[in-house]
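Q: First the structure, which I've put down as structure tokens, then a few questions once you've had a look.
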Amino acid sequence: MTLDAKLRITRGSFELDLELAIAPGEVVALLGPNGAGKTTAVRALAGLLPLSRGRIRLDDDVWDEPPKIFRPADKRPLGVVFQDYLLFSHLSALENVAFGLRARGTDRTTARAEASRWLDTMGLTEYARQRPRSLSGGQAQRVALARALATRPELLLLDEPLAALDAGTTLRVRAELGQHLARFEGRTLLVTHDPLDAMVLADRLVIIENGRVVQDGPPGEIARRPRTDYVAQLVGLNLYRGSADGTTVALADGGSLTIAEPALGPVHVAFPPTAISLYAERPSGSPRNTWPVTVSTVEQHAHTVRVRLDGPPTLLADVTPAAVADLRLQPGQALWATLKATEIQTYPS
Ligand SMILES: Nc1ncnc2c1ncn2[C@@H]1O[C@H](COP(=O)(O)OP(=O)(O)OP(=O)(O)O)[C@@H](O)[C@H]1O
């Protein structure tokens, strides 16, 4: 049963016109610049904002179809995690998770037992009696996720679920969230500003600008062929899977990189296109990541030039127009790329 949504909403001069289909087990990331309509879309799916036109349905179960049908939030099989988690401050972690089940009619004993099981799954057994105030950001995030998943929702809405965490915690919580989403059999819509969250967690990206879809597809495909400047900036991230052994990461698609902090086992490594320097000759005394590349394409963006380079590893580099002129960049040209180990983000996958 695929969630099938045609979201048409008019708010003043803004119009959202978004079609979304999410299959069971699929994680779709909704991305867009400020004001693109992400919050409007989430609120419509959540039953907090009625559609102006269109419809939301799960198979023949219709949630919203103006003017006749509108099912309020608490009557939809939903789990929701918002950026600030919205945990009840006067309830313990256990009571917070049990609350969603109680609200859907589960008796008290069963709700508490189920809640306790979910807290175990999230590695929060010892925090069950604590109030949200005494939990860390990462723990509160897991309680919110447990509360959302405990009701076995058909649709899980995650609105900027990692935005409130500090950088160090985000890496770990993102990896954990990925594991929970991989096990979740319902449909997930993840709203995020962070391209890394989207690329790592989602099976498919839907990118909206001004209330309209500008691109839709698997992360790798969108990264290879961004169609707007916004999308190019968004997915302009060099991201690889690999296996770490100390400070060396062997990349799944060939090549290897030296990282600053030792790691072990499966990892993702990422760095921005601005971290790459390009040279005509092999530089001496340069950073430890130096490898030969061949220019594939050269694209002009607003203030920089994006160069696609074949490796291994293949990569994107953003260089200044001056560098393009100095190097006389053109497709087919052989160059050397360098990258400082400290510019590479590494996290477990
Ligand atoms: N209550 C409202 N009345 C009229 N217009 C609104 C209302 N709420 C939002 N809008 C407009 O709808 C548009 C989309 O807003 P929305 O909050 O959905 O965007 P967003 O993609 O979530 O942005 P952000 O990333 O900044 O949260 C904006 O142009 C906004 O000004």
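Q: Return the residues of region 313-344 that are surrounded by fewer than 16 Cβ atoms within 10 Å (Cβ to Cβ) and either free of Cβ contacts under 8 Å to residues at least 40 places away in the same chain or in contact with a Leu (Cβ under 9 Å, 6 or more places away or on another chain) (or both); say none if nothing qualifies.
A: Listed by number, the residues that qualify are Thr320, Pro321, Ala322, Ala325, Asp326, Arg328, Gln330, Pro331, Gly332.
Q: Specify the residue that is most open to solvent (accessible area, probe 1.4 Å); the eligible residues are those in region 36-48 that are farther than 24 Å from Gly178 by Cβ and near the ligand (Cβ under 9 Å from one of its atoms).
A: Just the residues of region 36-48 that are farther than 24 Å from Gly178 by Cβ, to begin with: 36-37, 40, 43-44, 47-48.
Next cut, near the ligand (Cβ under 9 Å from one of its atoms) only: 36-37, 40, 43.
Details: Ala36: 2, Gly37: 7, Thr40: 12, Arg43: 86 Å².
Ranking the candidates gives Arg43 first.
Q: Can you tell me which of Glu160, Glu114 is in contact (Cβ under 8 Å) with a residue 60 or more places away in the chain and surrounded by fewer than 22 Cβ atoms within 10 Å (Cβ to Cβ)? Walk me through it before giving the result.
A: Working: Glu114 fails: in contact (Cβ under 8 Å) with a residue 60 or more places away in the chain.
The conditions single out Glu160.
Q: Please specify each residue of region 1-35 satisfying the condition of being under 16 Å from Leu49 (Cα atoms) and either within 16 Å of the ligand (Cβ to nearest atom) or among the polar types (S, T, N, Q) (or both). Walk me through how you get there before you give the answer.
A: In the first step, residues of region 1-35 are kept if they are under 16 Å from Leu49 (Cα atoms); the result is 5-12, 14-18.
Ala5, Leu7, Arg8, Ile9, Thr10, Arg11, Gly12, Phe14, Glu15, Leu16, Asp17, Leu18, listed by residue number.
Q: Open to solvent by 70 Å² or more (accessible area, probe 1.4 Å), farther than 21 Å from Leu189 by Cβ, at pLDDT below 90 and assigned by TED's automatic domain parsing to the domain that holds Gly32, is that true of Asp166?
A: Values: open to solvent by 70 Å² or more (accessible area, probe 1.4 Å): yes; farther than 21 Å from Leu189 by Cβ: yes; at pLDDT below 90: yes; assigned by TED's automatic domain parsing to the domain that holds Gly32: yes.
Answer is yes for this residue.
Q: Answer with yes or no whether Phe70 is within 14 Å of the ligand (Cβ to nearest atom), aromatic (Phe, Trp, Tyr), in the same structural domain as Leu149 (by TED's automatic domain parsing) and open to solvent by 10 Å² or more (accessible area, probe 1.4 Å). Talk me through it step by step, then tell me what you get.
A: Details: within 14 Å of the ligand (Cβ to nearest atom): no; aromatic (Phe, Trp, Tyr): yes; in the same structural domain as Leu149 (by TED's automatic domain parsing): yes; open to solvent by 10 Å² or more (accessible area, probe 1.4 Å): yes.
No; evaluated as a whole, the condition is false for this residue.
Q: Turning to a different aspect of this structure: Hey, among Thr258, Thr290, Thr294, which residue is out of contact with any Cys (no Cβ under 6 Å at 6 or more places or on another chain) and open to solvent by 50 Å² or more (accessible area, probe 1.4 Å)?
A: Thr294
Q: Name the single residue, out of those in region 27-57 being among the charged types (D, E, K, R) and over 15 Å from the mean Cα position of the chain (by Cα), that is farthest from Glu185 (Cα to Cα).
A: The extreme case among them is Arg53.
Q: Something else: Is it the case that region 83-100 has a residue that's within 12 Å of the ligand (Cβ to nearest atom), outside any helix (DSSP H, G or I) and out of contact with any Leu (no Cβ under 6 Å at 6 or more places or on another chain)?
A: yes
Q: Okay, moving on. For region 169-189, how many residues meet the condition of being within 15 Å of Pro348 (Cα to Cα), open to solvent by less than 20 Å² (accessible area, probe 1.4 Å) and either in contact (Cβ under 8 Å) with a residue 40 or more places away in the chain or not assigned by TED's automatic domain parsing to the domain that holds Lys38 (or both)?
A: 1
Q: Can I ask one more? Select the helices (runs of 4 or more DSSP H) contained entirely in region 193-277, then report the ones holding at least 3 residues which are more than 15 Å from the chain's Cα centre (by Cα).
A: By residue number, 229-234.
The values are calculated or read from the model by the stated rules, or taken from the named source; none is laboratory data. Since this is a predicted model, take the numbers as computed values, not measurements. Because the Cβ atoms are built from the backbone with ideal geometry, glycine has one as well, and the counts that use them run over all protein chains shown. When the accessible area is computed, the model is the full protein with side chains, heavy atoms only, and any ligands, DNA or RNA have been set aside. Shrake-Rupley method; radii C 1.70, N 1.55, O 1.52, S 1.80 Å.
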